[in-house]
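First up is the structure itself, then whatever we jot down about it.
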Amino acid sequence: MRHAILTCALLCACAAGARAAAKPPKGRPGAPAAAKAPARLAVVIDDFGLTYPSNPPDELWMQLDFPITFAIMPDSPRTRQAAEAARRAGKEVIIHFPFDPFLTLDLRPDSVTEGDKKKVRSLWERALKTIPGAVGANTHRSYKATRNRPLMKWFMGLVKEQGFFFVDSFVSTKTVAFDEAQRAGIPSAVNRIFLEEVKRRKKADCRRWLGTAVSSARKNGSAVVIGHHYFRETYDCLREAVPELRQKGVEFVFASQVVRVSGAQPGTGGLPAAASGSPAPARAR
């Protein structure tokens, strides 16, 4: 996987809009209002395994003292080292699985070719061997693959075999990955927003998008947000903002704590209500 392609891929994410938080439910007349459940926010940091001199060292990320999920890229220079370090630091580890453009796939609309199965299974098996302690998976780029229902249906069989949960990174409004995970009975969730954009990855931008995710979590009970370990601005944003948000009642949890089965809402194309009304991140360029 070439550095130039990966760097471009990481700068393609854009934030999704959020609605204002819902009002707490009213109690019985004359009785105090029912206590509102805390907003639960799962932060996933992608692309561990790929670390360059300009990036914050992995050791800094491991020192963050709140529940956080690290997505490890297979077939990368530091895949195993990053996974083992994350486990030692008490972080949750998942496989950051890349389909297209890193795998050249047929992606037929009506069936999965044996060639596609072979390529995906081979990379999946290597990921399992080199990312010890993984408990789930999400997607890296895969704009075309996550729109291909036959492939997603077949792939969820591999995920389910491991007893994993799944997070749809939501790089396209036409993704069917979450829908197929739900159909397979896999605990799953959808990314709500990315913390970086191509030209907007300052700390202030990250804090604003983190606030958007918090608003979504307050309205819907929980949300998933994805950032990338390449950016010092993202690291500083989380290091500073998380303690403040905790003081305001936001509960930070692992991604495994916000996934669910059969959570899709009618008429949303299989996406949970929190994600279905939001524009997807920009297509990778």
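Derivation of every value follows stated rules applied to the coordinates shown; laboratory data play no part. A quick note: this is a predicted structure, and the numbers were derived from the prediction, not measured. FYI the Cβ positions are ideal-geometry reconstructions off the backbone, even for glycines, and counts take in every protein chain you see.
Annotations for the structure displayed:
- The length gained on full extension between residue 246 and residue 261, counted as 0.36 nm times the residue separation minus their Cα-Cα distance, comes to 2.7 nm.
- For the peptides 172-179, 188-195, the ranking by packing is 188-195, 172-179, with the highest mean count of neighbouring Cβ atoms within 10 Å listed first.
- Once backbone amide H atoms are built at 1.01 Å from N, residue 188 has 166, 260, 261 as its partners under 5 Å, excluding neighbours fewer than 5 places away on the same chain.
- For segment 37-276, the Cα-based Rg and Dmax, in that order, read 16.9, 52 Å.
- Approximating the spin labels as points 7 Å out from Cα along Cα→Cβ, the residue 111-to-residue 87 distance works out to 4.0 nm.
- Residue order for 207, 232, fewest other beta carbons within 10 angstrom first, comes to 232, 207.
- The packing ranking of peptides 108-115, 125-132, highest mean first, is 125-132, 108-115, where packing means the average number of other beta carbon atoms within 10 angstrom of each residue.
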